1. Which trypsin sites (Lys or Arg not before Pro) in the range 19-111 pass both tests, a DSSP loop state and at most 16 other beta-carbon atoms within 10 Å?
2. Identify, among 7, 39, 119, the residue whose Cα sits farthest towards the positive end of the charge dipole of the chain, taking +1 on the Cβ of Lys and Arg and -1 on the Cβ of Asp and Glu, with the dipole about the Cα centre.
3. Given 0.36 nm per residue, what is the gain on full extension from residue 202 to residue 42 after removing their alpha carbon distance, in nm?
4. I'd like the carbon and sulfur percentage of the solvent accessible area for the chain, probe radius 1.4 Å, heavy atoms only, ligands and nucleic acids excluded.
5. Select from 244, 163, 202 the residue farthest towards the positive end of the dipole of the range 161-265; place +1 on Cβ of Lys and Arg, -1 on Cβ of Asp and Glu, and compute about the Cα centre.
6. About its Cα centre, what dipole magnitude does the range 78-195 give when the only charges are +1 on Lys and Arg Cβ and -1 on Asp and Glu Cβ, stated in debye to the nearest 20?
7. How much length would be gained if the chain were fully extended between residue 19 and residue 97, taking 0.36 nm per residue of separation minus their Cα-Cα distance, in nm to one decimal?
8. Which value at 222 nm does the chain reach when only helices count, each DSSP H run of 4 or more adding -39,500 (n - 2.57), with the total divided by all residues and rounded to the nearest 500 deg cm²/dmol?
Amino acid sequence: MSSSSRQTYSVRAKNHPNHLVRKLFEVAEAKKTNVTVSADVTTTKELLDLADRLGPHIAVIKTHIDILSDFSEETTKGLAQLAEKHNFLIFEDRKFIDIGNTVQKQYHGGVLRISEWAHIINCSILPGEGIVQALAQTAAAEDFPYGRERGLLILAEMTSKGSLATGAYTTRSVDYARRYKEFVMGFVCNRSLTDEPTTETTKSEDEDFVVFTTGVNLSSSGDKLGQQYQTPQSAVARGADFIIAGRGIYAAPDPVEAAKQYQKQGWEAYLSRVGS
Ligand code: BMP
């Protein structure tokens with residue numbers, strides 16, 4: 001567990017050099033929630049309804065925008081309005097994984113125009129350092145209009161059975177995060193990674209990467225396709241700053257009630273970790 005994991009979101013918000021991370025911690029503190037809902041529904045109406053109903057209980061909405069059958073500008077405009085209304089951030093779980101030149105075009109422009117509406121994106125480092133360099137370069141360009149309002153999470157581990165995102169892949173994730181920390185906010189992973197035995201970089205005193213943990217579910221231990229779940233308590237105890245739940249919330253009989261439950265449990269686990 002990193003030392004920053006023992007600090008409150010407000011303290012971390014105050015000290016963090018990254019504007020978007022500060023905003024993220026401020027949202028969590030203001031709304032008393034560390035829940036990210038993974039809104040894996042397949043129509044714009046369902047997505048916007050869900051975002052509006054769950055908005056008060058979440059810090060972040062995570063999308064897979066390419067699973068919508070009717071994606072249009074209405075989708076992203078609607079999401080952006082709801083993000084303003086309810087004070088949450090938008091995370092597009094696109095998992096970029098290609099050479100730098102390609103991911104720059106996939107991120108900024110293209111049919112999905114991800115940079116326009118997603119505060120947070122993520123990438124795999126399977127292609128090597130160039131993917132992180134490329135995305136960071138796009139966001140740092142003088143003509144990039146969204147400046148400090150954008151950030152990247154490195155997919156350092158996965159929750160699926162037999163995942164190969166382990167060992168050197170995971171430690172390199174930490175190395176690349178350190179090298180591009182102006183744009184890299186943290187990781188999607190299952191535990192705090194800041195004390196990994198890296199070979200190429202060393203941890204700085206004030207290192208504070210944000211940990212998003214997927215595969216959180218209160219009533220199931222997995223699905224039939226290799227997904228593996230843990231509870232909000234165990235995720236937070238292992239270092240999650242934000243817990244990501246999909247079916248546990250949106251497929252519950254009452255998604256709002258479910259979101260409240262994840263919010264309560266995630267928040268209590270956080271309070272117990274920081275000792276308040
Ligand atoms: P659910 O809680 O319904 O299992 O959904 C999990 C969500 O998190 C999905 O959107 C999936 O793509 C994502 N995810 C994951 O489950 N494991 C990972 O390692 C990384 C992910 O992004």
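1. Hits after loop and neighbour filter: 32.
2. Working it through, the farthest residue towards the positive pole turns out to be 7.
3. 53.4 nm
4. Values: 6110 of 12180 Å².
Answer for the chain: carbon and sulfur cover 50 percent of the accessible area.
5. Looking along the dipole axis, the top candidate is 163.
6. It works out to roughly 240 debye.
7. Length gained between residue 19 and residue 97: 25.5 nm.
8. Value at 222 nm, helices only: -12000 deg cm²/dmol.
The values are calculated or read from the model by the stated rules, or taken from the named source; none is laboratory data. Note that the coordinates shown come from a computational prediction; the quantities given were computed from them, not determined experimentally. Note that we place each Cβ from the backbone using ideal geometry, even for glycine, and neighbour counts take in every protein chain shown. These area figures cover heavy atoms from the full protein model, side chains too; ligands, DNA and RNA do not enter into them. Shrake-Rupley method; radii C 1.70, N 1.55, O 1.52, S 1.80 Å.
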